[in-house]
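The values are calculated or read from the model by the stated rules, or taken from the named source; none is laboratory data. All figures in this text were calculated on a predicted structure; none of them were measured in a lab. As a convention, Cβ positions derive from the backbone with ideal geometry for all residues, glycine included, and neighbour counts pool all protein chains shown.
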Amino acid sequence: MIYKNKLILGTVELGLKYGLNNKLDKPNIKTAFSILDTAWENNIRTYDTAFAYGDAEDILGKWISSRKIENKVSIISKLKPHILNDYPDGTKAEDIIIYEIKKSLKRLNINTLDGYLLHTPHYIYNNHIINSLKQAKNKRLIKNFGVSIYDESEALYAANLPVDYIQIPYNIFDQRLDKTNFFKIAKKNNITIFARSPFLQGLLLINKNKIPPYLNHTKPLLKKLDTYLNKHKLSKLTATLAFTLKNKNVNYVVFGINSTKELEENLEALQNIDHLPANFYSFIKKEFLEIEKTVITPSLWKTPKK
């Protein structure tokens, strides 16, 4: 299945309680291994993780070691957020980055990372940091480096840097980069694009009766989407996966799940993404191209004060 080859399993749910639809705590080690095994059995060979994802790196590393697949997996991790804030001039950047990469490698029980991303987007504006990542690549600690961005300006700036990877948020509600020449620049510069948040942290999949009060402003949009999907007997899961996976400008899609069952449901949904209504993309583009940031940016979702 061609689309399965574009899937990368995100592991934030293995290390933290994460997502609107996650009513459980993070999985125990047995469940985490079951999720990873199921992904492996379905030929998913690349895994996205980060220092900031709780103990996700440790869990992933224990699984890799126990399955003896150290040389068969590709792992993308990320630098600890804000770790270089005390060195705005770039001093110590290389030492700190090399040290953090080596710690990740040890936790993951591997010798080389396929990719290493800045988890603090504004670091891309510091040449010393970019050069430090180049040195890590020269030392063969990592094969590729780049950044995980949040805003259009960061994406456009990064696309003109000598980076290998850029991870972007991209989904039915978040089409901001389609309105820029980001994809064109990235392709010209041979940058690999990873789309994350295809489900917008679960918002695009949540039952309308379970939307928390602080997200009431999203209900009209979700109702419009539901009405269209119900009319065409199309599942939310199939629609969200199809929109992101079938974008030719996106090389890979990072998706997260909370259980083996959810992973199996995602894989099953792939079977239907080539059977969409003729007007699916035109409808999505017309109705959801201009969405305010309080909907598409989880950091702006305001939870009630306790």
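Overview of values
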| quantity | calculated |
| --- | --- |
| Residue selected from the stretch 191-232 under the condition in contact (Cβ under 8 Å) with a residue 12 or more places away in the chain and of a type in the set (S, T, N, Q), by the criterion nearest to Pro298 (Cα to Cα) | Gln201 |
| Some residue of the stretch 51-58 being touching a residue at least 12 places away in the same chain (Cβ under 8 Å) and surrounded by fewer than 16 Cβ atoms within 10 Å (Cβ to Cβ) | no |
| Residue ID - farthest from Lys78 (Cα to Cα), chosen from residues in the stretch 138-176 that are among the hydroxyl-bearing types (Ser, Thr, Tyr) and buried (at least 20 other Cβ atoms within 10 Å of the Cβ) | Tyr170 |
| Close pairs from the stretch 272-289: first among the aromatic types (Phe, Trp, Tyr), partner in a loop (DSSP other than H, G, I, E, B), Cβ under 6 Å, at least 6 apart | Phe288/Ile172; Phe288/Phe173 |
| Lone qualifier among Ile206, Ile291 - being at pLDDT 95 or above and not in a strand (DSSP E or B) | Ile291 |
| Which listed residue, of Leu270, Leu276, is of a type in the set (A, V, I, L, M, F, W, C), on the phi < 0 side of the Ramachandran plot and touching a Lys or Arg at 6+ places or on another chain (Cβ under 7 Å) | Leu270 |
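Yes/no per residue for (1) assigned to a helix (DSSP H, G or I); (2) at pLDDT below 95:
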residue: Leu225; (1), (2): yes, no
residue: Asn230; (1), (2): yes, no
residue: Leu237; (1), (2): yes, no
residue: Ala242; (1), (2): yes, no
residue: Asn249; (1), (2): no, no
residue: Val254; (1), (2): no, no
residue: Asn258; (1), (2): no, yes
residue: His275; (1), (2): no, yes
